[in-house]
1. Could you tell me how many of the residues in segment 129-153 are open to solvent by 40 Å² or more (accessible area, probe 1.4 Å) and under 17 Å from Ser14 (Cα atoms)?
2. Taking only segment 102-122 into account, find how many residues are of a type in the set (A, V, I, L, M, F, W, C) and within 14 Å of the chain's Cα centre (by Cα).
3. Can you give me the number of residues within segment 165-189 that are within 18 Å of Asn124 (Cβ to Cβ) and either of a type outside the set (Gly, Ala, Ser) or out of contact with any Ser or Thr (no Cβ under 9 Å at 6 or more places or on another chain) (or both)?
4. Out of segment 6-29, which residues are hydrophobic (A, V, I, L, M, F, W, C) and at pLDDT below 95?
5. Do we find a residue being under 19 Å from Trp165 (Cβ atoms), modelled with pLDDT of 95 or more, under 15 Å from the mean Cα position of the chain (by Cα) and not basic (Lys, Arg) anywhere in segment 80-88?
6. Across segment 95-113, what is the number of residues that are at pLDDT 90 or above and open to solvent by 40 Å² or more (accessible area, probe 1.4 Å)?
Amino acid sequence: MTTNSRRHPDTLCSLVIIRDASEHAARSAIRSTALFTVTRCRKAGARFTIDHAAFDRTATRASILDGIAARIPRHATVIARASRTAQHYLRHSFAAGGPLPPADLQLLQRERADLDILPLECANRVLEEIAAAYRIERAGPGANILSRSRKAPDEAQCLWAAFLWSQFSPDERNSLSTAWEAWRAIERARPLPF
């Protein structure tokens, strides 16, 4: 992976939105979201939090995206996988003469102009390699919506780790990944709330 000299943002959120169909499908509904936030601290090094929510089909896209916008810290950098638009959807939209409806990330940017939103192109193979290296359990290929929804927090962390390893210097990668692994160990040791 590439090594850059840029600094990790002070606040970075890795966002995963799980849908029951492609984002541009007519009856697609958001079923789960995960927001993994990394906050760099001078004294503590880094703080990590995870915000995970699940929704039924009656929850509206607008209310879910409003909730996400409210939970993201001000002036944060947000990373998320770029949505793919199917060719048949593009052909149908252009034939109908109308513009494409906005993607989730575009709506989030409209709501929160203070955010730096970075849609990432990230191959599944890369995420699988990161998951194997850090022992992160991801939903497998063809997994059902329940499994994908449950694993959304792991997916958000995996996306952040891929971004970390592709964009930052070895010193910064090692420092942040060591702090993150310590946080994960503490999180795994917590008793279940039920």
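1. Residues in segment 129-153 being open to solvent by 40 Å² or more (accessible area, probe 1.4 Å) and under 17 Å from Ser14 (Cα atoms): 5 in total.
2. So the count comes out to 6.
3. 1
4. Passing the criteria: Ala21, Ala25, Ala26, Ala29.
5. Within segment 80-88 (the criterion being under 19 Å from Trp165 (Cβ atoms), modelled with pLDDT of 95 or more, under 15 Å from the mean Cα position of the chain (by Cα) and not basic (Lys, Arg)), the answer is yes, since at least one residue qualifies.
6. The total comes to 6.
The values are calculated or read from the model by the stated rules, or taken from the named source; none is laboratory data. As the structure is a computational prediction, the values presented were derived from the model and not from experiment. Here the Cβ is made from the backbone with ideal geometry for all residues, glycine too, and neighbour counts use every protein chain on show. Just so you know, the surface numbers come from the protein's heavy atoms only, side chains and all, with ligands and any DNA or RNA stripped out. Shrake-Rupley method; radii C 1.70, N 1.55, O 1.52, S 1.80 Å.
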